[in-house]
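> Okay, handing you the structure first.
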Amino acid sequence: MSESSSEYRIGDKSYVKIKYRVRVAQGRVIKGAHEPELLDFVTGFRQVIPGLEDRLQGHSVSEKLSFTVPAEEAFGPRYQELVVEKNRSDFHFPAGMKPYTGMEIPVITGSDCGPETAVIRKIDEDTIVIDCNHPLAGAALEYDLEIVEARPARDNEICSEWDDEKSGSECACSSPCEIILGREGNDHN
């Protein structure tokens, strides 16, 4: 016996589709500026920020919600220790590429959960300052949304790897000193 879509309440392993707009608290709209965007996901597998998923629990189709997710439940706080000053010689930009403030660069951390990119914050003659925080770290997010669809997730909508990842332990992320910015002996100048 199945519940009708309008009676179903979002819980663990629910397929959810929302129409939403999100902005940095009292700031710029980052999704849905002109018209609300659609987003679908399965709950319980960290596919969206925890604060969004938690606030959808127990709600059903056609509900309209507005709420603020604090930074700790979104992309986390900003960590000053993730803003690192490195020697320019540690960077190996391809020939002809000039770094600039605001440029995103890939990083290798030696860990599966370290930052994938960093943003150049400052360029001096001998050093470059990079920020490995998520661009939205430290920001509360304001959501306005409507639940368009909510139902139990079907088996074909859940990857077996998600269950494996969910049962695994949390990884210990890299510290800034473990960031690899290039290889010694790299031929790029």
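> For segment 24-42, name all the residues that are under 15 Å from residue 148 (Cα atoms) and in contact (Cβ under 8 Å) with a residue 24 or more places away in the chain.
Within segment 24-42, 36, 38, 40, 41, 42 meet the criteria.
> Something else about it: Identify all residues within segment 5-43 that are outside any loop (DSSP other than H, G, I, E, B) and β-branched (Val, Ile, Thr); write none if there are none. Can you show your working first?
We begin by selecting, within segment 5-43, every residue outside any loop (DSSP other than H, G, I, E, B); these are 14-24, 29-31, 37-42.
Those that are outside any loop (DSSP other than H, G, I, E, B) and β-branched (Val, Ile, Thr): 16, 18, 22, 24, 29, 30, 42.
> Name the single residue, out of those in segment 48-86 being in a strand (DSSP E or B) and among the polar types (S, T, N, Q), that is surrounded by the most Cβ atoms within 10 Å (Cβ to Cβ).
In this case the residue turns out to be 68.
> Quickly run through segment 33-47 and pick out the residues that are surrounded by 17 or more Cβ atoms within 10 Å (Cβ to Cβ) and either modelled with pLDDT under 95 or closer than 26 Å to residue 155 by Cα (or both).
Within segment 33-47, 39, 41, 42, 43, 45 meet the criteria.
The values are calculated or read from the model by the stated rules, or taken from the named source; none is laboratory data. Keep in mind that what you see is a predicted model, and the values were worked out from it rather than measured. Backbone-built Cβ (ideal geometry, glycine too); neighbour counts: all protein chains shown.
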